[in-house]
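Structure first, then comments.
The values are calculated or read from the model by the stated rules, or taken from the named source; none is laboratory data. Given the structure is predicted, the values throughout are model-derived calculations rather than measurements. Positions of Cβ are backbone-derived with ideal geometry, glycine not excepted, and every protein chain shown enters the neighbour counts.
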Amino acid sequence: MANDLNQLLQQSDETVAALIADGANPTDLFDIEHHLASPDFTKLEKAAVELVKAGYHVDDADEFELDDGSRLFAFIAMSRVKLDAQILQLQTEEVTKIANLVGVDYDGWGTFFGEEEDDEAE
């Protein structure tokens, strides 16, 4: 299982640029959710252990049944950082390395911005 680092880095840069273009303040702290998945729970568990060692908060894995009846396990690894392209590139590289090492899919990162974030502040 090899995740495409170049594609993930490009996606990361595009996401940062889009958030800033939409009015996100790059000096604010954001909860960054890195998305990992695998049909093999044991591999996903190994990724979780390595990500915790690297300083990420890892949620419990969720199990999903796909249309073909197969099962997929997924979790998010969270960090709280400024919306800085360089920081997020380093995190993307780190998570990709761990995902490739243990053989799970890494789908990049996301965050919440806008109404949902405003609702939490109230």
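A few notes on this one:
Let's see how each residue does on (1) touching a helix residue (DSSP H, G or I) at 6+ places or on another chain (Cβ under 8 Å); (2) at pLDDT 95 or above; (3) not in a helix (DSSP H, G or I):
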{"residue": "Leu8", "(1), (2), (3)": "yes, yes, no"}
{"residue": "Ile32", "(1), (2), (3)": "yes, yes, yes"}
{"residue": "Ala47", "(1), (2), (3)": "yes, yes, no"}
{"residue": "Val52", "(1), (2), (3)": "no, yes, no"}
{"residue": "Ile76", "(1), (2), (3)": "no, yes, yes"}
{"residue": "Ile87", "(1), (2), (3)": "no, yes, no"}
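- Which listed residue, of Ala74, Ala48, is farther than 16 Å from Gly110 by Cβ and surrounded by 17 or more Cβ atoms within 10 Å (Cβ to Cβ): Ala48
- Within the range 44-73, residues that are small (Gly, Ala, Ser) reach partners that are in a loop (DSSP other than H, G, I, E, B) and crowded, with 17+ Cβ neighbours inside 10 Å with beta carbons closer than 8 Å, at six or more positions or on different chains, in the pairs Ala47/Val104; Ala48/Ala61.
- For the range 1-32, the candidate set comprises residues that are surrounded by 18 or more Cβ atoms within 10 Å (Cβ to Cβ), over 12 Å from Ala85 (Cα atoms) and of a type outside the set (Val, Ile, Thr); within that set, the residue that is nearest to the chain's Cα centre (by Cα) is Leu8.
- Positions within the range 86-112 being of a type in the set (A, V, I, L, M, F, W, C) and either crowded, with 18+ Cβ neighbours inside 10 Å or under 15 Å from Asp4 (Cα atoms) (or both), in sequence order: Leu88, Leu90, Val95, Ile98, Ala99, Leu101, Val102, Val104, Trp109
- Selection of the range 100-117 for residues being assigned to a helix (DSSP H, G or I) and out of contact with any Ser or Thr (no Cβ under 9 Å at 6 or more places or on another chain) yields Asn100, Leu101, Glu115, Glu116.
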